[in-house]
Amino acid sequence: MRVSARFKNDVTSVRVMAPHPMETGRRSDQQTGELIPAKYIQELSCEHQGKIVFIAQFGSSMSENPYLSFSFKGGQKGDTLQFRWNDNTGDVEKTDTIIK
Amino acid sequence: MSISRRQFIRLFSLGSTAFISLLNPVSAWATWAHRAFNADELETAYQNLLGSSTLTPSNDVILKLPKIAENGAAVPISVKTDLTGVESISIFVKDNPLPLTASFQIPSGTMAKVSTRIRLAQTCTVTAVVKVGDKLYSQSQEVSVTHGGCGA
């Protein structure tokens, strides 16, 4: 996933883009006509020094490649943020980023 | 070694309490809210996620999204509020097959402001719900959708 975190005026602003098909389970393959099984991110979290600063829970009607922006107080330039998502099939992805 | 009936009951109840507390997540947020996300009725989704479907419409909840969306597959949306003590922000789409789209936990220190992109199946009403204590504040807006975002 692509992440950026910037510190300005006491606030850390975070942007996340997680490449993911976000299949709803309602779409059918245009060639075979078979339903494409659901595959979508259910939970995405952001941790700063052991404290969870943001948790997003998604349903299947989030857009493909989910995008998020949020901000929190208490970060510092150089601190590490840890991101993690898991989807309904059990796949997990983790990314770390440093606050700039 | 023999165990009296009383001791057995005591041991058993201790053991089962420990087992049940393991089953229950520490926080309701620790697991995906499947009952709310799988609800196909708006009211049921409110009830299952937030424990109530009584919403107080409020201008303190600022919902930003286009009035007309050409492409329902990715509609930008942002929700913010100046209310204090916000616990969560949730987005519901009345006419989507499954209304609950996203729910964001806002721990203390995190701003009550979030932006994302959602799918809209058809022209519909989008509702943002902000939870403050046991109060639910909401703001709704209708969006006209030219091309639905959930079909094939």
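The values are calculated or read from the model by the stated rules, or taken from the named source; none is laboratory data. Quick caveat, the model's predicted, so the values are computed rather than measured. Every residue, glycine among them, receives a Cβ derived from its backbone with ideal geometry; neighbour counts consider all protein chains shown.
Quick test for you: out of B:112, B:74, pick the one residue that is within 9 Å of another protein chain (Cβ to nearest Cβ), farther than 22 Å from residue B:40 by Cβ and out of contact with any Phe, Trp or Tyr (no Cβ under 8 Å at 6 or more places or on another chain). First the steps, then the outcome.
On the way: B:112 fails: within 9 Å of another protein chain (Cβ to nearest Cβ).
Unique residue meeting the criteria: B:74.
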Next item on the list: For the range B:81-103, name all the residues that are surrounded by fewer than 23 Cβ atoms within 10 Å (Cβ to Cβ), at the interface with chain A (Cβ under 10 Å from one of its Cβ atoms) and over 25 Å from residue B:147 (Cα atoms).
Entry: B:88
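Which count do you get for residues in the range B:33-50 that are in contact (Cβ under 8 Å) with a residue 40 or more places away in the chain and not aliphatic (A, V, I, L, M)? If you could, list the steps in order and put the result at the bottom.
Residues of the range B:33-50 in contact (Cβ under 8 Å) with a residue 40 or more places away in the chain: B:33, B:36-42, B:45-46, B:49-50.
Cutting the leftovers down to not aliphatic (A, V, I, L, M) gives us B:37-38, B:40-41, B:46.
Total satisfying the criteria: 5.
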Item checked: Complete set of residues in the range B:104-120 that are surrounded by 20 or more Cβ atoms within 10 Å (Cβ to Cβ) and among the hydrophobic types (A, V, I, L, M, F, W, C) -> B:104, B:106, B:112, B:114, B:118, B:120
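In this structure, does residue B:128 turn out to be crowded, with 19+ Cβ neighbours inside 10 Å and either β-branched (Val, Ile, Thr) or within 12 Å of chain A (Cβ to nearest Cβ) (or both)?
Numbers: crowded, with 19+ Cβ neighbours inside 10 Å: yes; either β-branched (Val, Ile, Thr) or within 12 Å of chain A (Cβ to nearest Cβ) (or both): no.
Taking the combined requirement at face value, the residue does not satisfy it.
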Check: When you scan the range B:91-129, how many residues do you find that are within 25 Å of residue A:22 (Cα to Cα) and either part of a strand (DSSP E or B) or among the polar types (S, T, N, Q) (or both)?
Finding: 24
Item checked: Residues of the range B:95-114 classified as out of contact with any Cys (no Cβ under 8 Å at 6 or more places or on another chain) and touching a residue at least 40 places away in the same chain (Cβ under 8 Å), total -> 5
Notebook entry, point to check: Within the group B:39, B:45, which residue is at pLDDT 90 or above and assigned to a loop (DSSP other than H, G, I, E, B)?
Noted result: B:39
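Residue-by-condition table, conditions (1) more than 10 Å from chain B (Cβ to nearest Cβ); (2) free of Cβ contacts under 8 Å to residues at least 40 places away in the same chain; (3) at negative phi; (4) over 17 Å from the mean Cα position of the chain (by Cα):
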site	(1), (2), (3), (4)
A:3	yes, no, yes, no
A:10	yes, no, no, yes
A:35	no, yes, yes, yes
A:52	no, yes, yes, no
A:73	no, no, yes, yes
A:83	yes, no, yes, no
Item checked: Options A:71, A:28: the member that is more than 21 Å from residue B:98 (Cα to Cα), polar (S, T, N, Q) and in contact with a strand residue (DSSP E or B) (Cβ under 7 Å, 6 or more places away or on another chain) -> A:71
Next item on the list: Restrict the check to the range A:24-40 and report whether at least one residue is among the aliphatic types (A, V, I, L, M), assigned to a strand (DSSP E or B), surrounded by fewer than 23 Cβ atoms within 10 Å (Cβ to Cβ) and at pLDDT 95 or above.
Entry: no
